[in-house]
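Structure first, then comments.
The values are calculated or read from the model by the stated rules, or taken from the named source; none is laboratory data. Just so we're clear, the structure is a prediction, and the values are computed from it rather than from any experiment. Glycine also receives a Cβ, built like all others from the backbone with ideal geometry; neighbour counts cover every protein chain displayed.
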Amino acid sequence: MTSSLTPDTTAAAGATAGNGSPKAWTNPKKGFLFFVGFAAIGAGMGQLAPAVLTIALKSTAIVGKADSTGTLSLTIAISALVSLVATPLYGRFSDRIRGRLGRRRPLLFLGAILFVIGGLLLAFSSTVPVLVFGAIFTFAGTAAVTVAVTAIIPDQFEPLRRGPASAIIGVSLPVGAVIGLGIANAVSFSLTLQILIPAAVAVIGTLVFAFVVKDPQVVDAPRPTFNAVQFFSSFWVNPAKNPSFAWAWFSRFLIFFGVAAIQAYQVYFLQDKLKVGNDATVAQDIFLSTLILTVFALVFAAIAAKISDLVKRRKPFVIIAAVIFGAGLAVAATASTYGTFLVAIGIVGLGQGVYFAVDLALVSQLVPDSSNPGQGMSIMGLATTLPQSVVPAIAPALLVIGASAGNPQNYSALFLTGAIAGLVGAVLMLPIRNVK
């Protein structure tokens, strides 16, 4: 832990400018929320459409059906690991930027460049290494944009006015997924277009936000120091000095473990377990399930965000959301028909909506250094990206539990593990202090 990071109580007290004076939040108007939502949705589309659908289809096209699950796991795990390393470094370096572009805008431009490279590599890959590199660039681009937009929340909004921005950025993931999958469904005749169009939207959304956001240059604060110690400290926050941040991190990790469990293996669950669709029609099935999830998430995110700001409470909403999400995964684990699976997805969407409405608003109040929130928010972002590496790594072991010739992949074990993780994540919210 570096000396610039202070205990929980400092973060709860409110942000300060670099010179120690109270920070004057600009609290941008609703137009800002539209553009930040556009960027976040584009980033979500740019990553989730490949992660949920097109990487799986591309894996099958390259190595065949028999080896596609292994290729998918390898691709997602490696790219998520790279994102895991890049995310806190993005946050650390963006806090240090003192140029005229501001602290967060350079990350947006970087994200757009990475989306272009990643999309092209994914679309035209014919070997596994090229596929992996395409996913790496795509995931790294999403990480850059995510760090930028999440750091902007504590940069510009006072603590009790962060609910709507938190909700918009939170639901950008399922919204981006459903739009990306809708596009993929519309151009199902071409896997290349299924990859390139969502990538193009991600680039456009990121660049539009980069040009319209008011990201002032920091001129009254010294540049945070950076050396070998700071480099390694970029990847953690001392839990002894910041216990509330630590509890929130582990809670978030477990909840997103459940998200990753159902997200990465939807295609194979529908085809192998429920016997729904084939490579030509699975885009329609995934689109419908994602649409249902998104509608529920949008409706309940809007409601939860307003209620949360009104009652000035965050923790109860996260706990309730985690319980609902776990229940949805449990239903998915026992689903034997596509209709039951859609009911499970609706429950998951309800939980996600409530969770995303308050998640970023809550964690932004727990960052150790409120003057330089990029690092803290990016470390919290690791709790989102790390499960994307952990789940593919342990999924093969879970999928063979009780496997047989008639049931070669035990998806119930995978989903139930995700449900249990979400419920434990809810319990871990209880010790958090400083945020109600």
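Quick one: how many residues across region 52-72 are part of a helix (DSSP H, G or I) and modelled with pLDDT of 80 or more?
14
Is it the case that residue 41 is at pLDDT 85 or above and more than 15 Å from residue 138 (Cβ to Cβ)?
Yes.
Check residue 48 against each of (1) buried (at least 22 other Cβ atoms within 10 Å of the Cβ); (2) over 19 Å from residue 123 (Cα atoms); (3) not aromatic (Phe, Trp, Tyr) and name the one condition it does not meet.
(2)
Within region 241-290, can you find the residues that are over 30 Å from residue 435 (Cβ atoms), free of Cβ contacts under 8 Å to residues at least 12 places away in the same chain and in a helix (DSSP H, G or I)?
Hit for region 241-290 is 271, nothing else.
Condition test on residue 293, is it in contact (Cβ under 8 Å) with a residue 12 or more places away in the chain, surrounded by fewer than 18 Cβ atoms within 10 Å (Cβ to Cβ), closer than 25 Å to residue 195 by Cβ and of a type in the set (A, V, I, L, M, F, W, C)?
When the stated conditions are applied, residue 293 does not pass them.
Over 17 Å from residue 49 (Cβ atoms) and either in contact with a Cys (Cβ under 7 Å, 6 or more places away or on another chain) or in a helix (DSSP H, G or I) (or both): does that describe residue 146?
No.
Considering each residue of region 100-125, count those that are modelled with pLDDT under 90 and outside any helix (DSSP H, G or I), and give that number.
Looking only at that region, the number is 5.
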